[in-house]
Amino acid sequence: MGCASSLPDRTQGPGLLNNSDSSGALDPKNLKVKLVLLGDSGVGKSCIVLRFVRGQFDPSSKVTVGASFLSQTIALQDSTTVKFEIWDTAGQERYAALAPLYYRGAAIAVVVYDITNPDSFNKAQYWVKELQKHGSPDIVMALVGNKADLHEKREIQVQEGIDYAEKNGMFFIETSAKTADNINQLFEEIAKRLPRPSTSS
């Protein structure tokens with residue numbers, strides 16, 4: 001299950017990557033960055049995006065096919081604005097070969113797993129290794145344990161996520177797209193970790 005049915009599908013497909021400037025604007029106070037979500041099917045990637053961009057949660061929606069694209073801008077306390085160009089990828093195995101088309105050139109990768117599903121945590125570790133091999137060398141990576149509202153069904157302990165993230169230089173957070181817990185904090189923390197372009201004096 002995903003939360004993709006409300007996402008616009010008119011921009012689906014990797015070809016549109018060439019139409020956007022994902023390298024980030026030169027103005028250090030107005031950044032534009034490409035963000036890609038990776039993770040197993042059903043972990044809630046689309047739900048996280050939909051909650052962040054539209055404040056909505058749709059548990060009955062369909063899985064993402066290929067990838068979906070949305071954008072959202074946030075303002076940080078230091079008056080920096082960050083526009084996220086968000087690519088939400090499909091988690092099904094048959095789409096795995098397409099993933100490099102989406103994370104190529106990404107400034108941020110958010111790797112999501114379901115805290116109730118050990119297989120999804122293993123798949124998250126696979127994506128981290130792929131990003132380390134093929135992603136941008138200065139990519140900002142976040143590890144997200146989603147579905148924190150299902151704590152009574154938890155299979156992955158918080159410390160496991162923290163330890164893996166620390167070992168791989170990632171930011172870690174647990175979220176719930178259903179309750180909106182930590183969704184905005186996830187994107188704010190990512191934005192704070194972005195490298196700022198230097199300004200010439």
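Brief remarks on what is shown
- Pairwise FRET efficiency - Arg104 versus Lys29, Cβ, R0 = 35 Å, nearest 0.05: 0.85
- The overall shape of the stretch 117-173 is prolate: from the C-alpha gyration tensor, with semi-axes ordered a ≥ b ≥ c, the ratio a/c is 1.5 or greater and a/b exceeds b/c.
- Available extension along the chain between Val158 and Asp78 is 25.8 nm, counting 0.36 nm per residue and deducting the alpha carbon span.
- Those aspartates and glutamates that a straight Cα-Cα span of less than 12 Å connects to Lys192, excepting residues fewer than 8 apart in one chain: Asp78
- Counting only Cα atoms, the size of the stretch 79-201 along its three principal axes is 55, 34, 26 Å, in decreasing order.
- Given Lys32/Lys147; Lys34/Lys147; Lys129/Lys153; Lys133/Lys167, the pairs whose alpha carbons are separated by over 20 Å: Lys32/Lys147; Lys34/Lys147; Lys129/Lys153
Read-outs: derived from the displayed coordinates by stated rules, not from any lab. Computed from a predicted model, the values in this text were never measured in an experiment. A quick note on method: Cβ atoms are made from the backbone with ideal geometry, for glycine too, and the neighbour counts reach across all protein chains shown.
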